[in-house]
Each structure stands twice: as structure tokens, then as C-alpha cells.
1. In the set Ile75, Ile91, which member is touching a Pro at 6+ places or on another chain (Cβ under 8 Å) and under 19 Å from Phe10 (Cα atoms)?
2. Within the set of pairs 6+ apart or on separate chains, which have a first residue in the range 67-79 that is over 19 Å from Glu215 (Cβ atoms), a second that is modelled with pLDDT of 95 or more and in a helix (DSSP H, G or I), and C-beta atoms under 7 Å apart?
3. What residue, of Ser41, Ser85, is part of a loop (DSSP other than H, G, I, E, B) and over 25 Å from Asp104 (Cβ atoms)?
4. Determine if the range 143-151 includes at least one residue that is in contact (Cβ under 8 Å) with a residue 24 or more places away in the chain, of a type in the set (Phe, Trp, Tyr) and surrounded by 14 or more Cβ atoms within 10 Å (Cβ to Cβ).
5. Within the range 121-135, can you find the residues that are of a type in the set (A, V, I, L, M), over 16 Å from Gln27 (Cα atoms) and in contact with a helix residue (DSSP H, G or I) (Cβ under 7 Å, 6 or more places away or on another chain)?
6. Do we find a residue being in a helix (DSSP H, G or I), under 22 Å from Lys229 (Cβ atoms) and within 13 Å of the chain's Cα centre (by Cα) anywhere in the range 106-121?
7. Run Ile96 past the list (1) under 30 Å from Arg142 (Cβ atoms); (2) out of contact with any Phe, Trp or Tyr (no Cβ under 7 Å at 6 or more places or on another chain); (3) of a type in the set (Val, Ile, Thr) and report the number of the one that doesn't hold.
8. Do we have any residue at all in the range 164-181 that's in contact with a Ser or Thr (Cβ under 9 Å, 6 or more places away or on another chain), closer than 22 Å to Ala16 by Cα and either surrounded by 14 or more Cβ atoms within 10 Å (Cβ to Cβ) or at pLDDT below 90 (or both)?
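The values are calculated or read from the model by the stated rules, or taken from the named source; none is laboratory data. Please read all numbers here as calculations on a predicted model, not as lab measurements. Neighbour counts are summed over all protein chains in view; Cβ atoms, including those assigned to glycine, are modelled from backbone coordinates with ideal geometry.
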Amino acid sequence: MKRASIIISFYNNPKALKLILAALQMQSEKDFEAIIADDGSKKEVVNEIDSIKKNYSFPVKHLWHEDQGFRKNRILNQAVLAAESNYLIFIDGDCIPHRHFIHDHLHFSRKNRIVAGRRVNLSEKLSKSLTPENILKGKLNRWLPSLLMESFGGKARYVEKAIYLPFESINKALGSTKKGVLGCNFSVHKDGLYAINGFDMRYEMPCVGEDVDPEYRLKLLGYDVFTPKFRLIQYHLFHLRQSRDGEKINFEIFNETRKHQISRCDVGLDQLQA
């Protein structure tokens, strides 16, 4: 059994996926599998993934379902069911992990804990500078000066989150920040997700359903969120801001869950296994 399953939310962006897979190839922790949770990419993209997924030293699974609009939570649940590890790490398909990313998630994992990280927002220039080849040559290990330069004028944001401090004594002294879960960077034991019946598949628009909602339901069961400083680093590729038109609908679903303090959703993992 692998120590971790890293689940990558994906839709029609093979260029970014290749960057992620290259970064996973460079991980200091080697005992993991990658699962691509594909929310209905085009046939040519599916074929491209199938042609490259055996090029890596770690197992790569590609799960796909038909494009019927935003069904991220459904394909995430499929990935949870397919995962061979008892520890699950979730990232988005436009976020590139630091080389100690998997190691850090495992290092800080505990029973009844959600481990949550943040992300550095890259500038368009830095995003375009990344290639699988230069990642495999260690570009991510030595580009803090470039990030700092791009931070002037706000081209790159949250650059301070790219600072990596490996010293345990410093980490303990700094503690963790009081931040919630981002769907692009969190991890939890599989039995925690089984206890809440996974991701609520009633959410059919981005926002809330893949992070705020499961965080709330896990907390009802006694879970806490741990967000260590200067660890769990990932780099968010530049793109135009996506529409959040569904936010109001999603909060209506979430407010109903919160009103009745529902820890176990009605439409989740069990329904996929029925």
C-alpha cells in the first residue's frame, strides 16, 4: 500500500498537468500514487494523458466521466474510492507542488486532523517560464529570487508562502495559522471522508462544495484544521479569474447543511457504490 494518494482535480489542461507530474517526479517522498480526477475532458486530452501516464516512476491513474457540466465532487468521490492509500492529498490541476509537498502532508498528518496549506499565486511571466524539462532540472528549487522580483507591483502574490523552513524547532515555535481549508491544498485520512460520506455531490458549481463544506462536516466529528507556516508549498499558475456565479446557490446548500448540523451528506460515496 502506498503512503499517500495525491488526487489532482483536472479539466482540459494537459499543459499544466505535465508540469504537475514533473513536479511529482521530483518529490522527496517517493511512496505515493497520483490519481487524475478528470471532470470530462475532451477525447484528445484523454488520449494525450493515456500516452504519457506511464512515463513516471510513480503510478498514475486517470479517472474520467462524461462532461455534463461541473461535477467535480462526483469525480473526486470516484478518486477517493479508487485510492489505494489510506491518506489522501488533494490539489487542483493548476497548482504545482514543491518538492517536499507530499512529505510535509504526511509529516503533519494526525488522527482527526485536516492538514491544509496555502499557495503562491504566480505571475503570467513566471507561469509561462515553467516547462516539464526545467522542473525536472530543479527550477522550482532555486527560483525564490525570481518570485520576489515578480512580487513588486503585485504581479506575483503571496510570495512569502514560497519560503520553506524545514527546521522542526522553528515550525513548533511558529505554530500554525488559523486558516480554513482550500480545495487545492489539503489532506486527510480516508476514513474521515468515509465517515462524512465523501464530497456532497449536490454541489454543481465551483466554490464551497469541495472545501468549506467537507471542512465543516469533518469538524462536526471532532476534526481540527492544521495549517503549518512555511511548509506545504504549492505554486498556482496564472489564469484569468473564473466566474463564481454559482456561489449563491452553493451557499444555500451549505447553509442548509449548517442549519441542521449534518456531518454525513445524503449524496456522496455510498451512492456511487449502490
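1. Result: Ile91 is the single residue among Ile75, Ile91 that is touching a Pro at 6+ places or on another chain (Cβ under 8 Å) and under 19 Å from Phe10 (Cα atoms).
2. Gln78/Leu272
3. None of the others qualify; the one that does is Ser41.
4. No.
5. Leu126, Leu130
6. No, there is no match, as no residue in the range 106-121 is in a helix (DSSP H, G or I), under 22 Å from Lys229 (Cβ atoms) and within 13 Å of the chain's Cα centre (by Cα).
7. It fails just one condition, (2).
8. No; the residues of the range 164-181 include none that is in contact with a Ser or Thr (Cβ under 9 Å, 6 or more places away or on another chain), closer than 22 Å to Ala16 by Cα and either surrounded by 14 or more Cβ atoms within 10 Å (Cβ to Cβ) or at pLDDT below 90 (or both).
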